[in-house]
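Every number here is computed from the coordinates shown, using simple stated rules; none is lab data. Nothing here was measured: the structure is a model prediction, and the numbers come from that model. Using ideal geometry, Cβ is built from the backbone for each residue, glycine included, and neighbour counts are taken over all protein chains shown.
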Amino acid sequence: MAGPHADSPGTRGAFGTLNRHCRTMRTVDVAPTSLDRLDHLIGPERWAGVQRGVQAAQARLDGRVFWHVNATATGGGVAEMLQTLLAYVRGAGIDTRWLVLDCPEPFFAVTKRLHNALHGSPGDGGALGAKERSVYEAGLVPNAEDLLSRLGQGDVVQLHDPQTAGLIPHLTGRGVSVLWRSHIGCDTTNEHSARGWAFLEPYLREVEAVVVSRPSYAPPSVPKERLVVIAPSIDPFAAKNAAIPNGDVQRTLARAGLVVGVDDMLEVRFPRRDGTIGSVRRHTGAMVAGGPVPAHTPYVLQVSRWDRLKDMAGVLRAFVGHPDVPVAAHLVLVGPAVEGVSDDPEGAEVLQECLQLWEELDPVDRARVHLAALPMDDVDENAHIVNALQRQAAVVVQKSLQEGFGLTVTEAMWKSRPMIASAVGGIQDQIEDGVSGLLLADPCDLAGAGQLMGRLLTDDALAARLGAGARERVYQKFLPDRHLLQYEQLLAEMPLALRHPGGTTA
């Protein structure tokens, strides 16, 4: 059996007490979600596979905790995916816990540079040398001490993305299994990605397995036998994806101040991740430029973080600059309120750049473009608002310059929205061009992006066909049962990673 865990009352971790001077990582509470609700959705054959996988995982992880560590609890696809998967794992009776790093701002400046580099982008052009390594490692030392104080012998720890890779050397040889999950990468190695991987290479030497979203994202130094490919997934029942009655879509967007509408004062409810029900509040400051979209107006939507690699500015230029886009259509660019995303110091700058670009537009074009920064103080309400925005959109776009996977693509596809997305990264695994969406071959091709927007805005039959194909694609490939079973298989194939304290293989 595993040793005691610091998160249990009256106990401490197997590796000693917590140094009172170290930074304490935040524990993210995850309420269990029963896997049973997938039963009617996925059919008897897939459901039988889920049941077998759960039984195997329960036996293998009996007495152990499956820990997950990442950089933020809100504001990005990794956090959303962890919330979904860990809820299902807990619902299956497996003890899994989620911790978020507590690091100073200089640490996140370095990791943002790493993030851009692994995407093959120069980012701010700054160095990733000895000084940056010192900042990175110093930021993680207190977190490592905190983590070690919580762990028990035989536990499994999965670290997520570049921010956490430096924890690996602190954990190896401590009687726990260590996995590292990279959600990002680029399809073709260049000088920028090479320096990013070179920075991380010393930390990855002893990790037992590296999980990536697609083969091209593999760190060059990691042997193939330690590499596992697992694509992300979405939860069809979460606030971001659950079905919403059409009337509540309209009420949500009006109450959030995003679309003009009459508030009939009826309550709009949505599911919370803890199993309770929330109610949409009235907001007045979410639309930061352009005011609410006029009622009954078709709009093109992109939802993403305020990150230069998401190219919100490029979407704006493509929309206003192409004659094929009908003048009656509007554009809505939506991101999080920048103060709500702790690990992305670039967000405020990118939002300001988009606002400046909006201000420079011709008045006629300016009236057709809207920028929104959704509040992050209630992440479930935020998710519900995004859900409503996607369901109301005529076309959904994800014109990323680089993309690890792109959960916003999967989310919109599940809602049968016609998609336009760049043929980069994991988006290529989601969209079959011409079947479940339209791929933009060159993400920098503004004229091509505008032409595709105009095509879907004016061809209702094509939009409907692609929307239907999109939902079917997600049903077949990107629901949680596939994702969870791949993790069960990963753990089953790692006997060295699952030893009892005495050293015998489980």
Cα gyration tensor of the stretch 246-477 diagonalised, 5x eigenvalues square-rooted, in angstrom largest first, produces semi-axes 24, 21, 19
Spelling out what I want: for every residue of the stretch 480-491, take phi, set θ = phi - 60°, compute 6.51 cos²θ - 1.76 cosθ + 1.60 (Karplus), and round to whole Hz; glycine and proline get x. x, 4, 4, 4, 5, 5, 5, 5, 4, 5, 4, 5
With a 10 Å Cβ neighbour count serving as the proxy for reagent exposure, in which order, fewest first, do M376, M312 appear? M376, M312
Net +/- balance of residues flanking Q428 in space, Cβ distance below 15 Å, scoring K and R +1, D and E -1: -2
On a straight-distance basis, which lysines could pair with K224 in a cross-link, Cα separation under 26 angstrom, same-chain partners fewer than 8 positions away excluded? K477
Magnitude of the charge dipole, the chain, Cβ model with Lys/Arg +1 and Asp/Glu -1, debye to 20: 880 debye
Angle check, please: helix 379-392 long axis (alpha carbons) against the longest principal axis of the chain (alpha carbons), in degrees 0 to 90, nearest 10. 40 degrees
At a 10 angstrom cut-off on C-beta neighbours, averaged per residue, how do the peptides 184-190, 402-408 rank from highest to lowest? 402-408, 184-190
Chymotrypsin sites (Phe, Trp or Tyr not before Pro) restricted to DSSP loop in the stretch 261-367 with at most 16 other C-beta within 10 Å: none
Surrounding charge for R226, neighbours by C-beta under 12 angstrom, Lys/Arg +1, Asp/Glu -1, total -2
Which shape class applies to the chain: rounded if a/c is under 1.5, otherwise prolate when a/b exceeds b/c and oblate if not, where a ≥ b ≥ c are the square roots of the Cα gyration tensor eigenvalues? prolate
Run the paramagnetic zone check for R366: 7 angstrom along Cα to Cβ, then residues of the stretch 285-305 with backbone nitrogen under 12 Å. 289-291
Below 8 Å between Cα atoms, with a sequence gap of 6+, how large is the relative contact order for the chain in percent? 16 percent
Integer Hz, Karplus 6.51/-1.76/1.60 couplings in order for the stretch 253-259, x for Gly and Pro: 5, 5, 5, 7, x, 9, 9
Length gained when the stretch F237-E339 is fully extended (0.36 nm per residue, less Cα-Cα span): 34.0 nm
I want the antiparallel fraction of DSSP beta bridges within the stretch 246-477, as a percent rounded to 5. 20 percent
What is the angle, in °, between the Cα long axis of helix 105-118 and the longest principal axis of the Cα atoms in the chain? Nearest 10 is fine, range 0 to 90. 70 degrees
Around T84: net Lys/Arg minus Asp/Glu count, Cβ-Cβ under 14 Å: 0
Mind checking the log10 I(q)/I(0) for the stretch 379-506 at q = 0.11, 0.12, 0.13, 0.20 Å⁻¹? Debye, one equal scatterer per Cα, no solvent, two decimals. -0.47, -0.53, -0.59, -1.10
Simple spin-label model, 7 Å along Cα-to-Cβ: E432 to Q51 in nm? 3.1 nm
Residue order, fewest to most beta carbons within 10 Å, for V262, V350: V262, V350
In debye, nearest 20: dipole of the stretch 246-477 around its Cα centre with unit charges on the Cβ of K, R (+) and D, E (-)? 700 debye
Give me the angle, in degrees from 0 to 90, between the Cα long axis of helix 77-91 and the longest principal axis of the Cα atoms of the chain, rounded to the nearest 10. 60 degrees
In terms of the charge dipole of the chain, which places +1 on Lys and Arg and -1 on Asp and Glu at the beta carbon, the residue among A130, L171, Q392 farthest towards the positive end is L171
Karplus-derived HN-Hα couplings along the stretch 285-293 (A = 6.51, B = -1.76, C = 1.60, θ = phi - 60°), whole Hz, x at Gly and Pro: x, 6, 7, 8, 7, x, x, x, 5
Counting DSSP beta bridges in the chain, what percent are antiparallel, to the nearest 5? 20 percent
Summing -39500 (n - 2.57) over every DSSP H run of at least 4 residues in the chain and dividing by its residue count gives a helix-only mean residue ellipticity at 222 nm, to the nearest 500 deg cm²/dmol, of -12000 deg cm²/dmol
Go through A367, A461, P323 and say which Cα lies farthest out towards the positive end of the charge dipole of the stretch 246-477; charges sit on Cβ, +1 for Lys and Arg, -1 for Asp and Glu. A461
